[in-house]
Amino acid sequence: MRIGVLTGGGDCPGLNAAIRAVVKHAEIGHGHSVIGFKRGWRGVAEGDFTPILRDDVRNALTLGGTMLGTDRFHPDENPGATEQVLQVLKDEAVTALVCIGGDGTLTAAAKVAEQGVNVIGIPKTIDNDVWLTERSIGFDTALWVATEAIDRLHTTAESHHRVMVLEVMGREAGWIAINSGIAGGADVIITPEEPFDIEKVVSRIRHRHKAHAKYSIVVVAEGATPAPGTALEFSGAKESMLTGKTSELIADAIASLTGFDTRLTVLGHVQRGGIPTPFDRILGSRFGVAAVDALSDGKTNMVTTLQSGRIVLEPFSKIAGKQQKVPKELLKVARSLL
Ligand code: F6P
């Protein structure tokens, strides 16, 4: 087999672990050869690729980012690109593809698979919102970074008697916010799953500062939105999607309504950079090996997922277009500990 591998969407730690696993297991375990397409689907459409041998991935396990580069280009959204993809795969005698990406890259992969191409998807996204997998590559590292940020903000909050608002990533789902908030002992956690009422947020902070402590930590997912009819309204539907916008409105409202000294930290891309945690290295490795085994067994049009700690292959059709939200149980745990 000649396997093509690509990484699409936002980069994250653990991608190189997955690429390394694909290359090593394909070459050593099955005698396949591997080529790496550069910058995601764009590299496939443009025929931009390089052969990758096991020697090329020797030091890849601990590296963040992606050695192949990435892009948010999707062939199905660009006229003529799907035809170009099919032509390049034919010309280069690529028999199968391993696509490592989030919802957008995997949805594009599903559409290419419909054209008869053998494809296995591997889920990655720090947002952890790919359907049916308990964990996507990159989430664990982002969670670690966000939790460390809360730990550090705690000491400043306590020393200065301040309200520290931390914005973390998560446009559609609040996995980083809820988990880092619980792990870091945040006092208010605001996620896209539960539209917020700024007056309730403020009254909780006032009560805490009066009765318990003189400081508070507020964690906000970037996709958080106010509940309809509550005091803080966005002027436009897109507003909540802008990095820093929601949390800025929240921090300003807390400062003006409580009078407490309030500071905002937008963690941003720090969450997506740097070396992967052991969990992400292992998950990337497990998904990479499973993808190569699946292709070698003649399986296609499927995605590797983690379910109850085991790797399970699921068809693209069950995953595309769906999103994994934070479950009610986890939201309840967070609420119970505030
Ligand atoms: O990959 C997911 C993600 O990190 C989101 O959490 C975030 O909203 C978005 O990507 C940021 O995208 P970009 O890197 O293009 O600014």
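Rule-based calculations on the coordinates, nothing more; no lab input. Being a predicted model, the structure only gives us computed values, none of them experimental. Cβ atoms come from the backbone with ideal geometry, glycine included; neighbour counts cover every protein chain shown.
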Q. What percent does the relative contact order of the range 40-136 come to when contacts are Cα pairs within less than 8 Å and at least six residues apart?
A. 24
Q | Theoretical gain in end-to-end length, GLU46 to ILE282 [0.36 nm per residue, Cα-Cα removed] | A | 81.8 nm
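Just flag the trypsin sites (Lys or Arg not before Pro) in the range 13-95 sitting in loop per DSSP whose Cβ has no more than 14 other Cβ atoms within 10 Å.
Those satisfying the criteria are ARG58.
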(Q) Within 14 Å, Cβ to Cβ, of PRO276, how many net charges do the neighbouring residues add up to if Lys/Arg are +1 and Asp/Glu are -1? (A) +3
Q | the chain, dipole about Cα centre (Lys/Arg Cβ +1, Asp/Glu Cβ -1), debye to the nearest 20 | A | 720
Q) Between GLY102, GLY47, GLY273, whose Cα lies farthest towards the positive end of the dipole of the chain when Lys and Arg beta carbons carry +1 and Asp and Glu beta carbons carry -1, centred on the Cα centre? A) GLY273
Q: Work out how far the C-alpha atoms of the range 125-249 reach from end to end along every principal axis, then list the three figures in whole Å, largest first.
A: 43, 34, 21
Q.
Through the Karplus equation 6.51 cos²θ - 1.76 cosθ + 1.60, θ set to phi - 60°, convert the phi angles of the range 34-51 into ³J(HN,Hα) values in whole Hz; use x for Gly and Pro.
A. 10, 10, x, 7, 8, 6, x, 4, 4, x, 5, 4, 8, x, 9, 8, 9, x
Q: Just list whichever of LYS299/LYS332; LYS24/LYS328; LYS124/LYS214; LYS245/LYS322 have alpha carbons separated by over 29 Å in the model shown.
A: LYS299/LYS332; LYS24/LYS328; LYS124/LYS214
Q: Using the Cα centre as the reference, give the magnitude of the dipole from point charges on the C-beta atoms of the range 242-338 (Lys, Arg: +1; Asp, Glu: -1; all else neutral), rounded to the nearest 20 debye.
A: 260
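Count charges around PHE287 for me, please; just the other residues with Cβ under 15 Å from its Cβ, Lys/Arg as +1, Asp/Glu as -1.
Net local charge, PHE287 excluded: +3.
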Q.
Report the gain in length on full extension from ASP56 to HIS160: 0.36 nm times residue separation, minus Cα-Cα distance, nm rounded to one decimal.
A. 32.5 nm
